[in-house]
Amino acid sequence: MSRPIDLALGLLDHQVVDCEGRRCGKVDDLELAGVRDGRPVVAELLVGRRRTVHVPWDAVAKVDSAVHLKVRAAELRLGRGDDRVRPWFARLPLS
């Protein structure tokens with residue numbers, strides 16, 4: 001059974017974390033379904049600004065201080081920017 005939440009406080013700008021604990025973006029916007037019927041529900045989370053990724057609501061495991069996913073970030077094409085720059089940071093000397 002689902003419980004009602006305040007979408008602005010409960011989802012927007014929350015960190016998205018995949019099933020392996022990897023932070024992979026923030027919730028920037030929402031796609032709602034059922035608005036015309038008067039029974040709106042979240043259909044998708046929109047993550048990313050320039051290259052928006054549509055995360056289906058059924059990929060969400062739970063919502064607390066973050067939005068936790070049931071799947072790995074790569075399955076949804078999340079965290080691609082991090083993957084591109086990771087090799088550069090791996091070569092930096094640690095002081």
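Figures for the structure shown
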item: Those residues of the stretch 45-70 which are assigned to a strand (DSSP E or B) and more than 17 Å from GLN15 (Cβ to Cβ), in sequence order; result: HIS54, PRO56
item: Positions within the stretch 16-31 being in contact with a helix residue (DSSP H, G or I) (Cβ under 9 Å, 6 or more places away or on another chain) and exposed (fewer than 12 other Cβ atoms within 10 Å of the Cβ), in sequence order; result: GLU20
item: Matching option when the condition is within 13 Å of GLY79 (Cα to Cα) and free of Cβ contacts under 8 Å to residues at least 40 places away in the same chain, among ARG39, ARG49; result: ARG49
item: Looking only at the stretch 35-51, and only at residues there that are surrounded by 11 or more Cβ atoms within 10 Å (Cβ to Cβ) and at pLDDT below 95, the one that is nearest to GLY25 (Cα to Cα); result: GLY48
item: Which numbered condition VAL27 misses (of (1) at pLDDT below 95; (2) under 15 Å from the mean Cα position of the chain (by Cα)); result: (1)
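The values are calculated or read from the model by the stated rules, or taken from the named source; none is laboratory data. If you're wondering where the values come from, they're calculated on a predicted model, not measured in any experiment. With ideal geometry, Cβ positions are generated from the backbone for all residues, glycine too; neighbour counts draw on all protein chains shown.
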